[in-house]
Amino acid sequence: MTNKTWVVRAGRGAARIDEFLENDLIGVGWDLLPDLSAHSSRQQILELVKEAWPDWKPGKQTASAGQLYRFAHEISEGDRVLTYDPKRRVYPVASVISGYQYQSRKIEGFPHIRAVKWIGEVSRDLLSTSAKNSLGAISTLFMVPNHVAKEIEAILAGKKVPGADGESSDESEEDLLEDVEDKALEFIKDRVSQLDWEQMQELVAGILRAMGYKTRVSAVGPDRGKDIVASPDGFGFESPRIAVEVKHRSGAMGSSDIRSFLGGRHSDDKGLYVSTGGFSKDAYYETERANIPLTLMTLDELVQALLEHYEQLDMDTKQMVPLKRLYWPI
């Protein structure tokens, strides 16, 4: 297969799908931009995007310029193009029959267009889990991987695709879920890492409150070896009394840091030492020798505690790391 296969989405929620099909066209928005025919490089288009949307983040500007460049200059006549109709759960498939055109009145808000010939439709239910995953990208325009493009062509030819009828799909869905969970966890850790020290201290205190403790957070300044005191009564009179140290930095905490923290503890204290930079081996060894129960908490463990108790967090703590629930079929 020499020609490429692309996905071009028909706007948010496929709002323009009927116009795509009725007018034998595909198009993209970014309607503040002029005709791109004379702008033959990504950098030229990026400069146009920056001028039109100066408030956008650099990543969004770059991604938009890349998609516009591909639409105007990389899609070729004879290429396959898919769009998605979520109401019918089908991918209409077309062959591109024209070069890039700029027509501001053909489809409102979609001035950058190409003429196509619609040749068929592929039901999402006929696709393998791998193909569904590949076609689920949120970008307005992207190239379809070669193995998925071959699958599309096979379905158009009336052939059955292995794994599309539920056979062997469970393992693929489980792998996909694991991948999504891993990525989500890393993004959450990224977000937590971006908090400043005071926010990190408040986050740890919020998690402890969600676990049923009342907390006292030290004021900014010398903290005499603790940042938070957590206890059933909030004053530290009732047991357990947990003294918490929070370090938000890139370097790992060593044994001397642990000894310094332990030096100010009472015999009936419990200790929690949180370090987003992790701990050295010597720090763990020092913890095993501690004269009070002491737990070391890394960024990974902090985020796991955050997720475990997220529903019980107070609103102020949730607002520091706002998360959205994702439902997944089982």
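Coordinate-derived values only; no laboratory data. If you're wondering where the values come from, they're calculated on a predicted model, not measured in any experiment. Positions of Cβ are backbone-derived with ideal geometry, glycine not excepted, and every protein chain shown enters the neighbour counts.
Projecting the Cα positions of Q67, A157, Q101 onto the charge dipole of the chain (unit charges on Cβ atoms of Lys, Arg, Asp and Glu, taken about the Cα centre) puts Q101 furthest along the positive direction.
For the stretch 197-210, backbone phi angles converted through the Karplus equation (6.51, -1.76, 1.60; θ = phi - 60°) give residue-by-residue couplings of 4, 5, 5, 4, 4, 5, 5, 4, 4, x, 5, 5, 5, 5 Hz, Gly and Pro being listed as x. Gap in Å between the Cα centre of the stretch 238-293 and the Cα centre of the stretch 306-330? Measuring centre to centre over Cα atoms gives 27 Å. Below 8 Å, C-alpha to C-alpha, sequence gap of six or more: please give me the relative contact order for the stretch 5-167 in percent. The value is 28 percent. Taking the longest Cα principal axis of the chain as reference, the axis of helix 299-308 is set at about 80 degrees.
Ordering K150, K160 from the fewest to the most neighbouring beta carbons within 10 Å gives K160, K150. The listed peptides 312-324, 259-271, ordered by packing as a protection proxy, come out as 259-271, 312-324 (highest mean of other Cβ atoms within 10 Å first). Within a straight-line Cα-Cα reach of under 16 Å, K324 can be paired with the following lysines, leaving aside sequence neighbours fewer than 8 residues apart in one chain: K183, K189. Among 188-197, 174-183, 15-24, 238-247, sorting by the average number of other beta carbon atoms lying within 10 angstrom of each residue, highest first, gives 238-247, 15-24, 188-197, 174-183. Antiparallel beta bridges, as assigned by DSSP with both residues in the chain, represent about 65 percent of the total such bridges. Toward the positive end of the charge dipole of the stretch 5-167, with +1 on the Cβ of Lys and Arg and -1 on the Cβ of Asp and Glu, the farthest Cα among S134, P111, S76 is that of S134.
Going through the stretch 282-330, which chymotrypsin sites (Phe, Trp or Tyr not before Pro) have at most 12 other Cβ atoms within 10 Å and a DSSP loop state? Sparse-neighbourhood loop chymotrypsin sites (Phe, Trp or Tyr not before Pro): Y327.
Per residue, the average separation of C-alpha pairs within less than 8 Å and at least 6 apart gives the stretch 1-95 a relative contact order of 37 percent.
Say the dipole of the chain comes from +1 at the beta carbon of Lys and Arg and -1 at that of Asp and Glu; which of I228, V144, Y273 then lies farthest toward its positive end? Checking the options against the dipole of the chain, the answer is V144.
Note on the chain: the alpha carbon radius of gyration divided by the globular reference 2.2 N^0.38 Å gives 1.39. For the stretch 239-282, the relative contact order is 61 percent, taking Cα pairs closer than 8 Å that sit 6 or more residues apart in sequence and dividing their mean separation by the residue count. In a simple Cβ point-charge model (Lys, Arg +1; Asp, Glu -1; nothing else charged), the chain has a dipole of about 660 debye relative to its Cα centre.
Given in Å, the Rg to one decimal and the Dmax to the nearest whole number for the Cα atoms of the stretch 5-167 are 16.1, 51.
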